[in-house]
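Input: a single structure, listed below in structure tokens.
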Amino acid sequence: MQEEESRATSYTTLALGPEFRHELEIKRSRFITVLCRADSEDAARNLVAGLRREFHDARHHCSAFVLGPDRDIQRSNDDGEPSGTAGIPMLEAIIKRETAPGVTDLSDVSAIVVRYFGGILLGAGGLVRAYSESVSAALERAPLVRRSRLRICMAAVPHAAAGRLENDLRAAGLVMAKTTYGARDTTLRLAVPDAPAEIAAATERVLSLTAGKTELAAAGTEWIDVPLT
């Protein structure tokens with residue numbers, strides 16, 4: 001999905017890794033929120049299916065997800081709770097989550113709240129608050145990254161020199177994409193903002209570190225995870 005052209009050039013998402021879990025107890029009901037990065041509807045729905053198997057004795061497995069750099073895919077499901085009391089509050093918690101002051105750009109996020117009923121009815125308003133709070137509390141604690149569409153520039157260097165050059169480039173603040181290895185050379189891939197001045201600065205840096213022996217070659221754009229600062 002991210003290979004398609006989008007209006008957005010960056011957005012915030014969950015860091016890659018195991019799914020993130022957080023639990024709240026509200027009036028004896030357990031609300032177990034599971035957050036996972038997902039870049040397709042199939043991936044989001046597979047997460048729900050897996051949790052239904054894991055928590056097979058739970059009464060509800062409510063879900064919401066937001067996908068795509070432009071957040072153009074948004075879905076929610078109440079899974080048996082009164083209409084509008086679970087899925088929509090969960091979806092709004094994702095959509096309205098500020099990742100910086102005044103910035104709401106969280107995407108590629110799937111949220112599932114597994115509820116074990118505790119015997120006390122919460123009412124419609126109580127359910128809305130519970131599901132919204134469950135997802136919001138999980139997002140407060142979950143690890144996030146910036147995902148940006150960056151220009152990939154490649155530099156082919158001898159294997160013996162690759163490690164040191166990569167370390168020097170990282171120390172200079174450049175973002176590295178996946179390195180590839182050939183029979184004779186190691187190809188370092190730098191991810192830089194897609195602007196002539198940024199590319200020129202990266203090229204000058206590589207030339208300086210390699211005594212003018214290595215130049216950068218442009219190789220399209222990719223979505224790259226960048227740690228939040």
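Quick note: the coordinates plus some simple rules give every number you see, no bench work behind them. Predicted model, so just to flag it, every value in this text is computed and none were measured. Here the Cβ is made from the backbone with ideal geometry for all residues, glycine too, and neighbour counts use every protein chain on show.
Pairing the Cα long axis of helix 196-209 with the longest principal axis of the chain, what angle in degrees results, from 0 to 90 and rounded to the nearest 10?
Relative to the chain, helix 196-209 is tipped by roughly 60 degrees.
Tell me which residues come under 5 Å, amide H to amide H, from I26 once H is placed; ignore anything under 5 positions away on its chain.
Amide H neighbours of I26, under 5 Å, 5+ apart: F31.
Would you work out the relative contact order for the chain, in percent, from Cα pairs under 8 angstrom that are 6 or more residues apart?
Working: 459 pairs, mean separation 50.2, N = 229.
Result for the chain is 22 percent.
Testing the spin-label approximation: label points 7 Å from Cα along Cα→Cβ at R21 and A49. State their distance in nm.
Label at R21, label at A49, 2.1 nm between them.
By counting other Cβ atoms within 10 Å of each Cβ, how are D42, D194, D70 ranked from fewest to most?
Values: D42 9, D194 16, D70 13.
Ascending number of Cβ neighbours within 10 Å: D42, D70, D194.
Answer with one residue from T214, V175, A162: the one whose Cα lies farthest towards the positive end of the charge dipole of the range 147-227, charges on Cβ with Lys, Arg +1 and Asp, Glu -1.
Of the listed residues, the answer is A162.
Starting from the coordinates of the alpha-carbon atoms of the chain, obtain the Kirkwood hydrodynamic radius over all distinct pairs and give the value in Å to one decimal. Kindly include the intermediate steps, with their values, before the conclusion.
Numbers: mean 1/r = 0.0507 Å⁻¹.
It is 19.7 Å.
The range 2-87: which trypsin sites (Lys or Arg not before Pro) are DSSP loop and have at most 16 other beta-carbon atoms within 10 angstrom?
Taking the range 2-87 and a limit of 16 other Cβ atoms within 10 Å, the loop trypsin sites (Lys or Arg not before Pro) found are R7, K27, R28, R59.
Would you mind telling me which residue in A202, A86, A191 has the biggest mean-square fluctuation in a Gaussian network model of the chain, where springs connect alpha carbons within a distance under 10 angstrom?
A202
Determine, for V135, V113, V103, V192, the number of other Cβ atoms within 10 Å of each Cβ, and report the residues in order from fewest to most. Show your work: numbers first, answer last.
Details: V135 26, V113 32, V103 11, V192 23.
Fewest to most other Cβ atoms nearby, the residues stand as V103, V192, V135, V113.
Taking the Cα centre as origin and putting +1 on Lys and Arg beta-carbons and -1 on Asp and Glu beta-carbons, what dipole magnitude results for the range 112-193, to the nearest 20 debye? Working shown, then result.
On the way: 12 positive and 5 negative charges, 39 e Å.
Here the range 112-193 has a charge dipole of around 180 debye.
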